[in-house]
Amino acid sequence: MLSKRIIPCLDVRDGRTTKGIKFKDNIDIGDPVEMGRFYYEAGADEIVFYDITASSDRRPIMLDVVRRVAETIFIPFSVGGGIRTLEDMRDTLLAGAEKVSVNSAAVQNPDIIRQGAEAFGSQCVVLGMDVKKVPPSSQIPSGYEIVINGGRKHMGIDALGWAKEAVRLGAGEICLNSIDADGTQEGYELELTRLISTNVPIPVIASGGAGAPEHMVDVLKTGSADAALIASMVHYGTYTIRQIKEYLQASGIKVRRTW
Amino acid sequence: MIAILDYRAGNLTSVERALNHLGFPCRITDSHEEIRKADRIIFPGVGAAGSSMANLKHLGLDVILKERLEAGTPILGICVGLQVLLDYSEENDTRCMGILPGKIRLFPSNLMDGDGKRLKIPHMGWNAVEFRLAHPVFANVAPGSEMYFVHSYYPDPADAHQVAGETEYGIRFASALAKENLVAVQFHPEKSGPPGLQILSNFCQWNGNPNPAR
């Protein structure tokens, strides 16, 4: 049976990882390529690189990172942030990424999902969704709304409706980020995750709120997620991926334990 | 030299990068001459069966592949590179190469896991492969290793003797096939971490004899 995937997420700005990642080993903690290799060897099932470079003329730096990561790690990795056009997708995939994720660019131009899926296959196209809980209304019947700009801009789009639309357009996977839970380390948004994951036929990666292995058990069981994104809980050395996987396995969740 | 067949499929470079990492000289090529001279051939692939078969025929690579198979060159098919080896694929209603008897079928949409949850299609992620044969290409893969899969169609070979490995996803399907100097896998060894690299490395040193050395 398929294993649930554990996916560390690295934020990259101007070719350097941004969070103060603490490790004892002799590695450059600011280098996304070395960090990628570290997580590859530590048992990550996949890695997400999120480019938060503000200036678009610095994008070639990220492509160089992608090329070097692809020569170093031999598991799938995806790249998000700053991907707005079919050309951006092509450049990133040719540089060696397995998948690209689009978020606000897809909200503004949903057709980018269809174009990407047609050109490269659905398996390459991940829809990133930033979602905030709101009172249910006729416009937002699920009570979960799509937001962009880190949650500052409400889009008036229902999260469940948007997820279904993205599937119709050809998205192969959804990375679902709860803006309410993000950064709290108090657990994932289980109700949201379950709502989306049980109503779309494609895999859902839960994101936002991971602080402890029991949160991951909750989101993979109760939330029905297919994969869980993690950041701080491994970046700061609080847990190793092996510790997390042993905990999940002991809780009855199938994970990949040999690598 | 190892020839990586260029039939305009996606993701040829990930196999090339893995072989570079392992130190085996390789070239992505559609040149018949170069493929004829190659010591081994890798037939990778991401894409749909219909367009893959059309490209193979257009480039004359289906003919070369059969010729090299007869000549005894070790050949490794990956993902779509496995699927088009069979007789027929339900994807795009495609007549395939007919090198291995059997069909490629779409996963049923009503598959359930042990907890009664509906399984998602594509089958995407890490899953175990239970190797059935003591085959040199699958030697030294640690027990319990999982491989990375991305596919919506699965191999249903007609000859049980050609099943080299099996995987469970709502149904049990053949995830590795082997016949003489040909090996084919539904998973992506180039994306499966150290156990996948072990399989690639084994293939790159394989002489095409399916019986393990004694």
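The values are calculated or read from the model by the stated rules, or taken from the named source; none is laboratory data. Remember, it's a predicted structure, so these values are computed and weren't measured experimentally. Cβ atoms come from the backbone with ideal geometry, glycine included; neighbour counts cover every protein chain shown. The accessibility values were calculated without ligands, DNA or RNA, using every heavy atom of the protein model including side chains. Shrake-Rupley method; radii C 1.70, N 1.55, O 1.52, S 1.80 Å.
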**Message:** Assuming 0.36 nm per residue, please report the length gained on full extension of the stretch residue A:250 to residue A:138 beyond their Cα-Cα distance.
**Reply:** 36.0 nm
**Request:** Show which lysines lie in cross-link reach of residue A:133 when reach means a straight Cα distance below 25 angstrom and same-chain residues fewer than eight apart are skipped.
**Result:** A:153, A:164, A:221
**Two-decimal log10 I(q)/I(0) for chain B, as the Debye equation yields it once each C-alpha is a single scatterer, q = 0.10, 0.12, 0.13, 0.14 Å⁻¹** = -0.39, -0.56, -0.67, -0.78
**Complete:** Cross-link reach from residue B:37 to lysines, straight Cα distance under 29 Å and at least 8 residues apart if same chain, gives B:57, B:66, B:179, B:191
**Fill in**
Looking at segment B:3-33, residues buried by 50 Å² or more relative to their chain on its own, accessible surface at probe 1.4 Å, turn out to be B:17
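Just checking the output field for A:191-201: average partner chain Cβ neighbours within 10 Å of each residue's Cβ?
Numbers: counts 0, 0, 0, 0, 0, 0, 2, 2, 0, 1, 6.
Averaged over the peptide's residues, the number is 1.
Per the Kirkwood formula on distinct C-alpha pairs, the Rh of segment B:1-114 is how many angstrom? Please report the intermediate quantities before stating the final value.
Values: mean 1/r = 0.0682 Å⁻¹.
About 14.7 Å for segment B:1-114.
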**Request:** Return one whole number: the accessible area per residue of segment B:1-108 in Å², for a 1.4 Å probe.
**Result:** 40
**Item:** Inter-site label distance for residue A:14 and residue B:111 at 7 Å from Cα along Cβ, in nm
**Value:** 4.8
**Asked** What span do the alpha-carbon atoms of segment A:197-241 cover on each of the three principal axes, reported in whole Å from largest to smallest?
**Response** 35, 16, 15
**Request:** Subtract the Cα-Cα distance of residue B:71 and residue B:95 from 0.36 nm times their separation in residues, and report this length gain in nm to one decimal.
**Result:** 6.2 nm
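Quick check: convex hull of the Cα atoms in the protein assembly as shown, volume per residue, rounded to a whole Å³?
On the way: hull volume 67.3 nm³, N = 473.
Convex hull volume per residue, Cα atoms: 142 Å³.
Rolling a 1.4 angstrom probe over the protein heavy atoms, how many square angstrom per residue are accessible across segment A:118-259? Walk me through the numbers before you get to the answer.
Details: 5560 Å² over 142 residues.
Roughly 39 Å² per residue, with all protein chains present.
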**Request:** Estimate for me the total accessible surface buried between chains B and A (protein heavy atoms, probe 1.4 Å, no ligands or nucleic acids), in Å² to the nearest 100.
**Result:** 2700
**Item:** Calculated from backbone phi, Karplus (6.51, -1.76, 1.60) coupling profile of segment B:191-202 in Hz, x at Gly/Pro
**Value:** 10, 10, x, x, x, x, 5, 4, 5, 4, 5, 4
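222 nm [θ] for chain B, helices only, -39500 (n - 2.57) per DSSP H run of 4+, per residue, to 500? Working shown, then result.
Working: 6 runs with 54 residues, N = 214.
Calculated from helices alone, the mean residue ellipticity at 222 nm is -7000 deg cm²/dmol.
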**Message:** Can you give me the % of accessible surface on segment B:120-214 that is carbon or sulfur? Probe 1.4 Å, all protein chains present, nothing else counted.
**Reply:** 47
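Probe of 1.4 angstrom, ligands and nucleic acids ignored: what's the accessible area per residue over segment B:117-202, in square angstrom? Intermediate values should be presented prior to the final figure.
Numbers: 2720 Å² over 86 residues.
The answer is 32 Å² per residue.
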**Complete:** Descending accessible area (1.4 Å probe), largest on the left, turns A:215, B:135, B:161 into B:161, A:215, B:135
**Asked** What is the percent of Cα-Cα separations in segment A:1-133 that go past 26 Å?
**Response** 21
